[in-house]
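Asker: Supplied in structure tokens, the structure appears directly below.
The values are calculated or read from the model by the stated rules, or taken from the named source; none is laboratory data. Values in this document were obtained by computation on a predicted structure and should not be read as measured data. We place every Cβ from the backbone using ideal geometry, glycine too, and count neighbours over all the protein chains shown. Ligands, DNA and RNA are excluded from the accessible area calculation, which covers all protein heavy atoms including side chains. Shrake-Rupley method; radii C 1.70, N 1.55, O 1.52, S 1.80 Å.
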Amino acid sequence: MSRPFLSVANLAVHFPTSDGLVRATDGLSYTLERGKTLGIVGESGSGKSVSSSAILGLHRGTNAQVSGEIWFDGTDLLSLSDEDMRRRRGKDVAMIFQDPLSALHPYYRVGDQISEAYLAHNQVSKRVARARTIEMLDRVGIPQPDRRVDDYPHQFSGGMRQRVMIAMALINDPILLIADEPTTALDVTVQAQILDLLQELQREFNTALIMITHDLGVIAEIADDVLVMYAGRAVEYGATRDLMTQPAMPYTWGLIQSIPDVTRSVDLPLRPIPGNPPSLLNQPPGCAFFARCEYAQFVPGDRCATTLPDLLPLSDGHLKRCHLDHDLASYAVVETGAI
Amino acid sequence: MAAPLLEVRDLVMHFPVKSRGVIARTVGHVKAVDGVSFTVEAGQSLGLVGESGCGKTTTGRLITRLQKPTSGQILFEGQDIAQAGPRVLKPLRREIQMIFQDPYTSLNPRQTVGEIVGAPLVIHKLVPASQRLARVQELLEVVGLNPEHYNRYPHEFSGGQRQRIGIARALTLQPKLLVADEPVSALDVSIQAQVINLMQDLQREFNIAFLFIAHDLSIVRHFCPEVAVMYLGKIVEKAPRDELYEHPKHPYTKALLSAVPNIEQAVLGGRRERIRLQGDVPSPINPPSGCRFRTRCWKAQDICATTEPPLQKVGAGADVAACHFPEQ
Amino acid sequence: MIAYAIRRILVGIVLLLSMVLVVFVLFFASGNPAKSVCGKFCTPEKLTQVTKVYGYDQPITTQFGEFIQGLAVGRDYPVNDAYRAALEKSNPDLVIHCAAPCLGYSQHDAATVNADIAKYAPVTISIAVFAFIFWIFFGVFFGVLAAVFKGKWLDRILVGVTLVVYALPTFFVGTFLLQYVAIKWQLVPYPTYVSIADGGVGGWLVGLTLPALTLALFYMAAYVRITRAFVLESLSEDYIRTARAKGLTERVVLFKHGLRAALTPLLSMAGLDFAALLAGAVITESVFNYQGLGLLAVIANQNSDLPVLIGLVIVAGAAVIIMNILVDILYAFVDPRVRLR
Ligand SMILES: Nc1ncnc2c1ncn2[C@@H]1O[C@H](COP(=O)(O)OP(=O)(O)OP(=O)(O)O)[C@@H](O)[C@H]1O
Ligand SMILES: Nc1ncnc2c1ncn2[C@@H]1O[C@H](COP(=O)(O)OP(=O)(O)OP(=O)(O)O)[C@@H](O)[C@H]1O
Ligand code: SF4
Ligand SMILES: [Mg+2]
Ligand SMILES: [Mg+2]
């Protein structure tokens, strides 16, 4: 059997700090094929950005400790030299970030910032790069691209800046695109435009897409598979439809339930997940969700408090990290009214 | 009939735009709020939604009189406070409070939680100093924080907890009206729900009216029985929640609703009309003539460019919309 | 852009005028200046005469008006018209013309303040410029190094050393350099000021080295730390991550994207510090016994020579305001967000 296009295996990213070791990501594994979209959801601080930046090797040169394997198109990215990794960065793998204003350099023209990405990987003249830049700006739907190419980032609206970021990321026709909350800072109407654009470009270039977000709605609209992260680990992983219709563990239930549900009476209070996410320092043994979990009481003994559950298959391709009995879990789905 | 708690009539806020010449002249105005009217009854909530820059925050700041409107009336319990001076406003500041969007920057990092929450008591000299501590601790308890945390600083709290501190501060003076400017936008979904529930409990318990500003339509639906949609400084539609969400009359409302990702429809499929607005919101300095939405509206006709549609009743319910060709 | 520059300059002029007014009022409110001119053996008649000759009997508004006029077009001394007319006939040499911008006339030195300042300024400006070059070059260089090697031993050494240097008083550093480097070890010739006219550029530079170094060390230490902080801050910005994600080499990321943003705020600080440096030269000059503006200030103070003091304050203030304007304009040039506002 051939290896998947992208296969992340046992990825861990730890940051030594003066307070101790921050385990931002631990034991993370997933796969992704070309033309497909993986959605990664989870609360702020759950390790979504840290784990995805590892694919681009953005932790190199920092004090982060990265281990595991990232097989991409036949090579293990983590074993590449810094220079080889740099050559692939921005060319085969590209990334767009959450806040397009701060992600663009305020002192340089957007055109120059985009062509820079092209020039870094192609032996072409500045003129050629500029023409290509204008073509890309046009492609991502910026009106009058030949004029706007000489503007500065602050002269663009939020949505247009994100288009600029997309143009920059796609200028070298990457085969993997990581979008780190590309629409969180944008209005819903603009979010819809950007998501449409991403999907359209993905179809056109057969790009694999990792979509990081904390909005389950966005995931539902665009992802084929979903990975739910909590405190640096995957807690549930499966096809979008399976995961949304039969979420299998308490944290995912909580996420789905806390979204106001149009079919429920507005007189009923929302159902939040109580408490706050745990610190990634000195994590206690056992399930990271234990302190907030309302279902731990149904697990016999004190396994939730003492033993970290494994990420185990539930059905074909649907995995969960939870001690809760499977039958009980399906009962809970009915009871809590998850869709 | 008694006057409503808050009635806003034709509220206008124009910010001058200065030229870049040697001598700065006013060359235009940002028409941030341009003729907005609505009422909020005691103990009720009105939702205010719309895209970034449409004037929601400015409206909130005008009502709390953090800014002085260019023109229009703000009737609070029948008294016009739109142009009132500090002497008239001071007692009213107790009645109208604001909760801010960003829990990270809206609290002074050098003050303890006790000082932040207790400050209004000091300023308005409401409670003798001896009882201040007890009152502040009581408030912390009300918003679900540990009263023992009286002496801690904001950075020691998570985003959701900080927003609770902001709410406690707003509650200190037992206001009748709370202007909540995107109170949960910066929070994670699971935490959002905690804060929303808290505000709803407080509303019932203390009979507080809310002007609830947000861009998340599903949260507004949950919180507010009545919702107003703003576009470029104007209200384009105002309706009871079910009416607005089930049968939007204004094309903009329709587009806004259809842009919200919907899990059920995405996963289970189902009929869904997708409306994609093109381009960006026009500049509030030179808003389009006639109907401001016409540049992005798929229904626009010639009349939309020449005549501004008034906000008028559409259909059988209480729905008002400003459109020449409303949905039926 | 040009409109912006003009506006900044206009504001600068208004600032300058208000500053002159404040200085003028402050100094003249402190008593009859004629008294100090009159000297120890002052008789009432002499006082009256002096007061009249120097125009101190005029209302302060008139005096101020004439002072401003002097700044703008120059003026002649003594100020009393009748007296000057008489003097012109009897003893024309004693009538002194003070060209614009006239800062006043020092009775004590029997010279215009401009002439006084012109005599002492080259030393101070030479030291300051030399120190400025020292401090910017080494400060920024070591600052960037420390930032790039953050947490490594090089960074720790640099930070440690700057901390020590920063804490040393200028007086101490100057004395040390003079006593040991110049006198005891004789690594450099004994420092004296040599003008370019006398010793050529080489002699001029050699003469300046030790005082400039003394003056620069403190700022250098400060700038290592400031540069380090700015570079680190800039390197943690989102756009640096974007630059890396594009696959740019570390060198381009650091020098093109990182430094540009880090050095811009440095620019404005350096401009202002340079103006302050002129004032800070006093101690250095006195340690090395150089005849600079610092010395002039000390002398003028000892002699209660008000006109010179006023002139010095105005020159110092003007330096600050002019540097401010320069920095603002440069800043607008570097940062497009300021330019287009
Ligand atoms: N350089 C670093 N040193 C120490 N800790 C770090 C570092 N970078 C990230 N972290 C920690 O790692 C954790 C995961 O961060 P990450 O940015 O991946 O979260 P996220 O899931 O992307 O959250 P968000 O939704 O807020 O973007 C956080 O707790 C963060 O504080
Ligand atoms: N003090 C001010 N001076 C000039 N223009 C202003 C000022 N305050 C706000 N504006 C402008 O008024 C318009 C409305 O701003 P406002 O902050 O009310 O929008 P908003 O609806 O709250 O947007 P968001 O969702 O981004 O918070 C914007 O175009 C803004 O740039
Ligand atoms: S393992 Fe236990 S604590 Fe963790 S989610 Fe499952 S039931 Fe809850
Ligand atoms: Mg992130
Ligand atoms: Mg706002």
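Asker: Quick one: is C:Phe142 surrounded by 14 or more Cβ atoms within 10 Å (Cβ to Cβ) and over 29 Å from the mean Cα position of the chain (by Cα)?
Answerer: On the way: surrounded by 14 or more Cβ atoms within 10 Å (Cβ to Cβ): yes; over 29 Å from the mean Cα position of the chain (by Cα): no.
No; evaluated as a whole, the condition is false for this residue.
Asker: Now for a separate question. Can A:Ala12 be described as more than 16 Å from ligand 2 (Cβ to nearest atom), within 25 Å of A:His214 (Cα to Cα) and modelled with pLDDT under 95?
Answerer: Details: more than 16 Å from ligand 2 (Cβ to nearest atom): yes; within 25 Å of A:His214 (Cα to Cα): yes; modelled with pLDDT under 95: no.
So A:Ala12 fails the test.
Asker: Filter the range A:153-164 for residues that are open to solvent by 20 Å² or more (accessible area, probe 1.4 Å) and touching a residue at least 40 places away in the same chain (Cβ under 8 Å) and give the result.
Answerer: A:His154, A:Gly158, A:Arg161
Asker: If a residue has to be open to solvent by 50 Å² or more (accessible area, probe 1.4 Å) and basic (Lys, Arg) to count, how many in the range B:126-178 make the cut?
Answerer: Result for the range B:126-178: 4.
Table: residues versus (1) at negative phi; (2) of a type in the set (S, T, N, Q).
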| site | (1), (2) |
| --- | --- |
| C:Ile60 | yes, no |
| C:Tyr77 | yes, no |
| C:Asn91 | yes, yes |
| C:Leu94 | yes, no |
| C:Tyr105 | yes, no |
| C:Ala110 | no, no |
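Asker: Next up: What number of residues within the range B:279-307 are more than 8 Å from every other protein chain (Cβ to nearest Cβ) and out of contact with any strand residue (DSSP E or B) (no Cβ under 9 Å at 6 or more places or on another chain)?
Answerer: Total meeting the criteria: 18.
Asker: Answer yes or no as to whether B:Lys68 is among the basic types (Lys, Arg), within 16 Å of ligand 5 (Cβ to nearest atom) and open to solvent by 10 Å² or more (accessible area, probe 1.4 Å). Step through it out loud before you land on a result.
Answerer: Details: among the basic types (Lys, Arg): yes; within 16 Å of ligand 5 (Cβ to nearest atom): no; open to solvent by 10 Å² or more (accessible area, probe 1.4 Å): yes.
In short, no.
Asker: Further question on the same structure: Say we look at the range C:230-255 and pick out the residues that are touching a residue at least 12 places away in the same chain (Cβ under 8 Å) and away from every other protein chain (no Cβ under 11 Å); which of these is nearest to the chain's Cα centre (by Cα)? Steps first, please.
Answerer: Going residue by residue through the range C:230-255, those that are touching a residue at least 12 places away in the same chain (Cβ under 8 Å) are C:230-235, C:237, C:239-240, C:243, C:253-254.
Within this subset, residues satisfying the condition of being away from every other protein chain (no Cβ under 11 Å) are C:230-233.
Details: C:Phe230: 25, C:Val231: 27, C:Leu232: 30, C:Glu233: 30 Å.
Step by step, filter the range C:230-255, then rank; the result is C:Phe230.
Asker: Separate question: Any chance you could count how many residues in the range A:244-271 are of a type outside the set (Asp, Glu) and open to solvent by 40 Å² or more (accessible area, probe 1.4 Å)?
Answerer: Here is the first cut: in the range A:244-271, the ones of a type outside the set (Asp, Glu) are A:244-260, A:262-266, A:268-271.
Subsequent filtering for residues that are open to solvent by 40 Å² or more (accessible area, probe 1.4 Å) retains A:246, A:259, A:262-265, A:268-269, A:271.
Counting residues in the range A:244-271 that are of a type outside the set (Asp, Glu) and open to solvent by 40 Å² or more (accessible area, probe 1.4 Å) gives 9.
Asker: On to the next question. Among C:Ser106, C:Ser90, C:Ser18, which is the only one that is within 30 Å of C:Leu326 (Cα to Cα) and more than 14 Å from chain B (Cβ to nearest Cβ)? Steps first, please.
Answerer: Values: C:Ser106 fails: within 30 Å of C:Leu326 (Cα to Cα); C:Ser90 fails: within 30 Å of C:Leu326 (Cα to Cα).
Going through C:Ser106, C:Ser90, C:Ser18 in turn, just one is within 30 Å of C:Leu326 (Cα to Cα) and more than 14 Å from chain B (Cβ to nearest Cβ): C:Ser18.
Asker: From B:Thr58, B:Thr105, grab the single residue that is away from chain A (no Cβ under 14 Å), of a type in the set (Ser, Thr, Tyr) and within 12 Å of ligand 2 (Cβ to nearest atom). Steps first, answer last, please.
Answerer: Working: B:Thr105 fails: within 12 Å of ligand 2 (Cβ to nearest atom).
Exactly one of B:Thr58, B:Thr105 is away from chain A (no Cβ under 14 Å), of a type in the set (Ser, Thr, Tyr) and within 12 Å of ligand 2 (Cβ to nearest atom), namely B:Thr58.
Asker: While we're looking at this one, here's another question. Given the criterion in a strand (DSSP E or B) and either more than 16 Å from ligand 5 (Cβ to nearest atom) or surrounded by 21 or more Cβ atoms within 10 Å (Cβ to Cβ) (or both), identify the matching residue among A:Leu195, A:Leu209. Reasoning before the result, please.
Answerer: On the way: A:Leu195 fails: in a strand (DSSP E or B).
Of the residues listed, the single one that is in a strand (DSSP E or B) and either more than 16 Å from ligand 5 (Cβ to nearest atom) or surrounded by 21 or more Cβ atoms within 10 Å (Cβ to Cβ) (or both) is A:Leu209.
Asker: Same structure, new question: Can you tell me how many residues within the range C:42-73 are part of a helix (DSSP H, G or I), charged (D, E, K, R) and without any contact (Cβ under 8 Å) to a residue 12 or more places away in the chain? Show your work before the answer.
Answerer: Step one: filter the range C:42-73 for residues part of a helix (DSSP H, G or I), giving C:44-53, C:60-73.
In the following step, the residues that additionally are charged (D, E, K, R) were identified as C:45-46, C:52, C:66.
Within this subset, residues satisfying the condition of being without any contact (Cβ under 8 Å) to a residue 12 or more places away in the chain are C:45-46.
Of the residues in the range C:42-73, 2 are part of a helix (DSSP H, G or I), charged (D, E, K, R) and without any contact (Cβ under 8 Å) to a residue 12 or more places away in the chain.
Asker: Return only the number of the condition from (1) modelled with pLDDT of 90 or more; (2) away from ligand 1 (no atom under 16 Å from the Cβ) that A:Phe289 does not satisfy.
Answerer: A:Phe289 satisfies every listed condition except (2).
Asker: Right, here's the next one. From the list C:Leu267, C:Leu296, C:Leu312, which residue is open to solvent by less than 10 Å² (accessible area, probe 1.4 Å) and out of contact with any Gly (no Cβ under 9 Å at 6 or more places or on another chain)?
Answerer: None of the others qualify; the one that does is C:Leu296.
Asker: Give me the residue from the range A:221-243 that is surrounded by fewer than 24 Cβ atoms within 10 Å (Cβ to Cβ), of a type in the set (A, V, I, L, M, F, W, C) and within 12 Å of chain B (Cβ to nearest Cβ) and, out of that set, nearest to ligand 5 (Cβ to nearest atom).
Answerer: The extreme case among them is A:Ile222.
Asker: Would you kindly identify the helices (runs of 4 or more DSSP H) lying entirely within the range B:245-328 that contain at least 2 residues that are in contact (Cβ under 8 Å) with a residue 12 or more places away in the chain and within 26 Å of the chain's Cα centre (by Cα)? Spell out how you get there, then give the answer.
Answerer: Details: elements: B:251-259, B:263-268, B:302-306.
Counting at least 2 such residues, we get B:251-259.
Asker: Looking at A:Ala167, A:Ala131 in this structure, which one is small (Gly, Ala, Ser) and either within 16 Å of ligand 3 (Cβ to nearest atom) or crowded, with 24+ Cβ neighbours inside 10 Å (or both)? Break it down stepwise before answering.
Answerer: Values: A:Ala131 fails: either within 16 Å of ligand 3 (Cβ to nearest atom) or crowded, with 24+ Cβ neighbours inside 10 Å (or both).
From the options A:Ala167, A:Ala131, the qualifying one is A:Ala167.
Asker: Among the residues of the range A:11-61, write down those that are among the polar types (S, T, N, Q), more than 12 Å from the chain's Cα centre (by Cα), within 9 Å of ligand 1 (Cβ to nearest atom) and within 25 Å of A:His318 (Cα to Cα). Break it down stepwise before answering.
Answerer: So the first thing to find is which residues in the range A:11-61 are among the polar types (S, T, N, Q), and the list is A:17-18, A:25, A:29, A:31, A:37, A:44, A:46, A:49, A:51-53.
After this cut, where a residue has to be more than 12 Å from the chain's Cα centre (by Cα) as well, the list is A:17-18, A:25, A:29, A:31.
If we keep only those that are within 9 Å of ligand 1 (Cβ to nearest atom) too, we end up with A:17, A:25.
Residue satisfying the conditions is A:Thr25 alone.
So that you can scan it fast, the table gives a plain yes or no per residue for (1) touching a residue at least 12 places away in the same chain (Cβ under 8 Å); (2) farther than 24 Å from A:Arg161 by Cα; (3) within 9 Å of chain C (Cβ to nearest Cβ):
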residue: A:Gly35; (1), (2), (3): yes, yes, no
residue: A:Val66; (1), (2), (3): yes, yes, no
residue: A:Gly74; (1), (2), (3): yes, yes, no
residue: A:Ile96; (1), (2), (3): yes, no, yes
residue: A:Ser102; (1), (2), (3): no, no, yes
residue: A:Ala117; (1), (2), (3): yes, no, yes
residue: A:Lys126; (1), (2), (3): no, no, no
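Asker: Further question on the same structure: Based on this model, can you work out whether B:Thr59 counts as of a type in the set (Val, Ile, Thr) and open to solvent by 10 Å² or more (accessible area, probe 1.4 Å)? Can you show your working first?
Answerer: On the way: of a type in the set (Val, Ile, Thr): yes; open to solvent by 10 Å² or more (accessible area, probe 1.4 Å): no.
Taking the combined requirement at face value, the residue does not satisfy it.
Asker: Being away from ligand 3 (no atom under 16 Å from the Cβ) and more than 20 Å from A:Pro174 (Cβ to Cβ) is the filter; apply it to the range A:42-64 and report the residue that is surrounded by the most Cβ atoms within 10 Å (Cβ to Cβ). Step through it out loud before you land on a result.
Answerer: So the first thing to find is which residues in the range A:42-64 are away from ligand 3 (no atom under 16 Å from the Cβ), and the list is A:44-45, A:47-64.
Of the ones still in play, those that are also more than 20 Å from A:Pro174 (Cβ to Cβ) are A:44-45, A:47, A:50, A:61-64.
Numbers: A:Ser44: 14, A:Gly45: 20, A:Gly47: 27, A:Val50: 23, A:Gly61: 11, A:Thr62: 10, A:Asn63: 11, A:Ala64: 18.
Per the stated criteria, the residue is A:Gly47.
Asker: Next up: Which count do you get for residues in the range B:195-212 that are open to solvent by 10 Å² or more (accessible area, probe 1.4 Å) and more than 7 Å from chain A (Cβ to nearest Cβ)? It would help to see each step written out before you state the result.
Answerer: First, the residues of the range B:195-212 that are open to solvent by 10 Å² or more (accessible area, probe 1.4 Å): B:197-198, B:200-201, B:203-207.
Retained after the next criterion (residues that are more than 7 Å from chain A (Cβ to nearest Cβ)): B:198, B:201, B:203-207.
Final tally of qualifying residues: 7.
Asker: With the requirement that a residue be open to solvent by less than 20 Å² (accessible area, probe 1.4 Å), away from every other protein chain (no Cβ under 13 Å) and assigned to a strand (DSSP E or B), what does the range B:213-244 give you?
Answerer: B:Ile213, B:Ala228, B:Ile235, B:Val236, B:Glu237, B:Ala239
Asker: Return the pair list, or none, for Cβ contacts closer than 6 Å from residues in the range C:7-36 that are among the basic types (Lys, Arg) to residues that are surrounded by 16 or more Cβ atoms within 10 Å (Cβ to Cβ) and at pLDDT 75 or above, at least 6 apart or on different chains.
Answerer: Once the first residue is among the basic types (Lys, Arg) and sits in the range C:7-36, its partners that are surrounded by 16 or more Cβ atoms within 10 Å (Cβ to Cβ) and at pLDDT 75 or above give C:Arg8/C:Ile325; C:Arg8/C:Asp328.
Asker: Which residues, taken from the range B:126-182, are acidic (Asp, Glu) and either in contact with a strand residue (DSSP E or B) (Cβ under 7 Å, 6 or more places away or on another chain) or away from every other protein chain (no Cβ under 14 Å) (or both)?
Answerer: If we filter the range B:126-182 for residues that are acidic (Asp, Glu), which is where we start, we get B:138, B:141, B:148, B:156, B:181-182.
Of everything in the range B:126-182, those that are acidic (Asp, Glu) and either in contact with a strand residue (DSSP E or B) (Cβ under 7 Å, 6 or more places away or on another chain) or away from every other protein chain (no Cβ under 14 Å) (or both) turn out to be B:Glu138, B:Glu141, B:Glu148, B:Asp181, B:Glu182.
Asker: Here are some residues: C:Ala182, C:Ala197, C:Ala261. Which one is surrounded by 21 or more Cβ atoms within 10 Å (Cβ to Cβ), of a type outside the set (D, E, K, R) and assigned to a helix (DSSP H, G or I)?
Answerer: Details: C:Ala182 fails: surrounded by 21 or more Cβ atoms within 10 Å (Cβ to Cβ); C:Ala197 fails: surrounded by 21 or more Cβ atoms within 10 Å (Cβ to Cβ).
The match here is C:Ala261.
Asker: Something else now. Can you run down the residue pairs with Cβ atoms below 9 Å, 6 or more apart or on separate chains, where the first is in the range A:283-309 and assigned to a loop (DSSP other than H, G, I, E, B) and the partner is small (Gly, Ala, Ser) and open to solvent by 90 Å² or more (accessible area, probe 1.4 Å)?
Answerer: A:Pro284/A:Ala291
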